[in-house]
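Notes to accompany the following structure.
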Amino acid sequence: MEENDAEEAKRLMLKIAAILDEARTSYATHNRKLKELSLLRSKSSSHSHFFSAFSKTLTPLFDFQRRLASADRVVFFVSAFAVATTAAASDEFLDHFLKFLLAAAAASNKTARFRACQIVSEVSNSPFLSVSEQIFNL
């Protein structure tokens with residue numbers, strides 16, 4: 001049972017990593033990749049498994065010190081995914097994701113704090129959230 005969970009988590013992380021890798025190349029792929037990632041989340045056995053795999057896959061972005069266009073595209077993509085309303089569990093995902101980002105914003109590593117604040121800024125500036133949702137979700 002535990003082997004199956006570990007195997008599923010690894011498979012999920014590889015699929016998420018492939019989607020993030022393709023999303024970093026161009027903004028033009030983002031709509032298609034948002035749909036793929038949403039489908040992957042909906043097909044996941046549990047939302048907590050998906051979030052765990054998503055956050056582990058995203059962690060290397062917090063260690064990347066240089067500010068490149070590809071990293072900024074991933075930040076934009078991840079924030080767009082977090083506020084997307086296509087899945088029923090988007091509010092739960094956004095709640096977990098913001099808690100993850102707030103923990104990263106308090107890290108001792110300057111780069112991790114920067115990336116966390118950059119993603120929070122993109123999420124809060126998202127046109128998908130109304131002003132009241134921004135206030136109460138943050």
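Tell me which residues, restricted to segment 38-53, are touching a His at 6+ places or on another chain (Cβ under 9 Å) and either more than 23 Å from Ala116 (Cβ to Cβ) or open to solvent by 30 Å² or more (accessible area, probe 1.4 Å) (or both). Result: His47, Ser48, Phe51.
Per-residue answers, yes or no, for (1) under 20 Å from Gln118 (Cβ atoms); (2) of a type in the set (Ser, Thr, Tyr); (3) buried (at least 19 other Cβ atoms within 10 Å of the Cβ):
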| site | (1), (2), (3) |
| --- | --- |
| Glu22 | no, no, no |
| Ser26 | yes, yes, no |
| Lys33 | yes, no, yes |
| Glu36 | no, no, no |
| Ser55 | yes, yes, no |
| Arg66 | yes, no, no |
| Ala69 | yes, no, no |
| Asp95 | yes, no, no |
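A count restricted to segment 70-108 and to residues that are among the hydrophobic types (A, V, I, L, M, F, W, C), in a helix (DSSP H, G or I) and either under 22 Å from Ser38 (Cα atoms) or modelled with pLDDT under 90 (or both) stands at 16.
The values are calculated or read from the model by the stated rules, or taken from the named source; none is laboratory data. Since the model is a prediction, treat every value here as computed from it, not as a measurement. As a convention, Cβ positions derive from the backbone with ideal geometry for all residues, glycine included, and neighbour counts pool all protein chains shown. With ligands, DNA and RNA removed, areas are computed over all heavy atoms of the protein, side chains included. Shrake-Rupley method; radii C 1.70, N 1.55, O 1.52, S 1.80 Å.
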